[in-house]
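Read the structure below first, then the notes.
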Amino acid sequence: MRGRPVAAAGLALAALLNIAAASGLAKWTGGKTPALKLSDASGREYALADWRGRTVVVNFWATWCEPCREEMPAMQRLQERLAGQPFAILAVDFGEGDARVKSFLEKLPLEFTFLLDRDGAVARAWRVRVLPVSFVIDADEKIRYSVVGDAEWDSPGVEKAVRGLLSPGGGPGRRAGHNIGFARSGGFPYSQGADSWIDVRF
């Protein structure tokens, strides 16, 4: 009789993975989560551990990257749908100054956290090689999915996959806001998103 709950759990996991695959998210097989510690435009420091207990999307982007800009409204809609849930989006800008990012946010107000990877060190640690690229991280800070290219973050498939990772008892972490990325290297198994990305080299 013990086999039945285990089998049911296995089927539920398989269903979740199928949903994620259909949405463009790829199951992560690239190893442990790299470190992430950056500051916003005001100089306030953040670390990924600040959001432990939450499901987090880490998105590498730049203001000059058209696919990056195009996917952000969908990311905002996803965040709005998950308001009040243990969920956060961290947008890591690659190699740009405070003024440029602030100017971008004035034109497209967004309610998630923006961090500055001024020298590209974090992007290298995460082996980012194109823009945009995103990672979906669970409440235990483990990468569960990745996607390269702009994704339909507000699609039913993506939303369901993200909801499947939410921790019911997740802590609040830091509050998202207008806090004021990108990459190359190689080796990580990415899933191609919606056909659009930019290859960037250091």
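Where a number appears in this text, it was derived from the coordinates with a stated rule and is not lab data. These numbers come from a predicted model, not from an experiment. Cβ placement follows ideal geometry from the backbone for every residue including glycine, while neighbour counts extend to all protein chains displayed.
General observations
- Taking amide H atoms as placed 1.01 Å from N in the peptide plane, the amide H of PHE87 lies under 5 Å from those of THR55, each 5 or more residues away in sequence or on another chain.
- Converting phi to 3J(HN,Hα) with the Karplus coefficients 6.51, -1.76 and 1.60 and the offset θ = phi - 60°, region 50-63 yields 5, 10, 4, x, 10, 7, 10, 9, 9, 10, 8, 7, 8, 5 Hz in sequence order, with x at every glycine or proline.
- With a simple spin-label model that places each label point 7 Å from the Cα along the Cα-to-Cβ direction, the separation between LYS142 and LEU108 comes to 3.3 nm.
- Dipole-positive endmost among GLY53, ALA121, VAL92 within region 48-140 (Cβ charges, Cα centre): ALA121
- Between ALA35 and ALA121, the modelled labels are 0.8 nm apart [label points 7 Å from Cα along Cα→Cβ].
- The overall shape of region 27-79, judged from the alpha-carbon gyration tensor, is oblate: a/c is not under 1.5, and a/b is no greater than b/c.
- A rounded overall shape is assigned to region 41-156, the ratio a/c of its alpha-carbon gyration tensor axes (a ≥ b ≥ c) being less than 1.5.
- In terms of its C-alpha gyration tensor, region 94-162 comes out oblate, because a/c is 1.5 or above while a/b does not outweigh b/c.
- Likely footprinting exposure, GLU71, GLU111, GLU106, fewest C-beta neighbours within 10 Å first: GLU106, GLU111, GLU71
- Relative exposure of TYR46, TYR145, judged by other C-beta atoms within 10 Å (fewest first): TYR46, TYR145
- Within a straight-line Cα-Cα reach of under 17 Å, LYS160 can be paired with the following lysines, leaving aside sequence neighbours fewer than 8 residues apart in one chain: LYS27.
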